[in-house]
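Everything on this sheet refers to the single structure shown next.
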Amino acid sequence: MPLTREEAPGQAATEKKSSALPWIIGCLVALVVLPVMIGIIGLLAAIAIPAFVQYRDDTQSTLCINNLRQIQHAKEVAAVRNGYTNGTRITPELLEPLIDGGIKSLECPGGGVYRIRPIGTEPECTVHGTISGLQAGDADRARPAP
Ligand SMILES: [Zn+2]
């Protein structure tokens, strides 16, 4: 006749003891490994996130400077065609036919607004500044003029 659990209570207690040891070791390993993994992930994030932000800012500046160059070119064409001199104010409507897709198609990827500014001065982005400021490569100097 085979033994049942009720007939051998000591056997069940032995099984409980032997199954608790791997669980405790697993908890101890988790207590050591988990903080290490969190630290490694945090370190990688601390390295990668500023680099990604810098790449994004550089890309936005490049796109913005291309837009500003198109506006500057259109201003120069308008000045030559109409005989404008330095200081002459230019309206967006005057530049509309001189820019492919119209001046409204030029949007700053950083959310800035373009100021055309008079002939003889560079167009400006409220976020990125002017063409010469952006070309200098110094983000602090590329701030909009007050
Ligand atoms: Zn911009």
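The values are calculated or read from the model by the stated rules, or taken from the named source; none is laboratory data. Just so we're clear, the structure is a prediction, and the values are computed from it rather than from any experiment. Heads up, the Cβs are rebuilt from the backbone with ideal geometry, glycines too, and the neighbour counts pull from every protein chain shown.
Of all residues in the stretch 93-108, which are under 16 Å from Glu124 (Cβ atoms) and either away from the ligand (no atom under 16 Å from the Cβ) or β-branched (Val, Ile, Thr) (or both)?
Within the stretch 93-108, Leu95, Ile103 qualify.
Hey, among Gly112, Gly133, which residue is surrounded by 18 or more Cβ atoms within 10 Å (Cβ to Cβ), within 12 Å of the ligand (Cβ to nearest atom) and either over 29 Å from the mean Cα position of the chain (by Cα) or at pLDDT 95 or above (or both)?
Checking each option against the conditions leaves just Gly112.
Within 16 Å of the ligand (Cβ to nearest atom) and of a type in the set (Phe, Trp, Tyr), is that true of Tyr84?
no
Enumerate the pairs (first residue in the stretch 50-64 and within 13 Å of the ligand (Cβ to nearest atom); second residue anywhere and of a type in the set (Val, Ile, Thr)) with beta-carbon separation below 8 Å, excluding pairs fewer than 6 apart on the same chain, so at least 6 apart or on different chains.
Hits for this filter: Cys64/Val127.
For the stretch 115-127, name all the residues that are in contact with a helix residue (DSSP H, G or I) (Cβ under 9 Å, 6 or more places away or on another chain), within 16 Å of the ligand (Cβ to nearest atom) and either farther than 27 Å from Thr59 by Cα or part of a loop (DSSP other than H, G, I, E, B) (or both).
Scanning the stretch 115-127 gives Ile116, Arg117, Glu122, Pro123, Val127.
Looking at Glu122, is it in contact (Cβ under 8 Å) with a residue 24 or more places away in the chain and of a type in the set (Asp, Glu)?
In short, yes.
Do we have Tyr84 as out of contact with any Ser or Thr (no Cβ under 6 Å at 6 or more places or on another chain), farther than 19 Å from Gln135 by Cα and of a type in the set (Phe, Trp, Tyr) here?
yes
Yes or no: the stretch 86-93 includes at least one residue that is surrounded by 14 or more Cβ atoms within 10 Å (Cβ to Cβ) and touching a residue at least 60 places away in the same chain (Cβ under 8 Å).
Among the residues of the stretch 86-93, not one is surrounded by 14 or more Cβ atoms within 10 Å (Cβ to Cβ) and touching a residue at least 60 places away in the same chain (Cβ under 8 Å), which makes the answer no.
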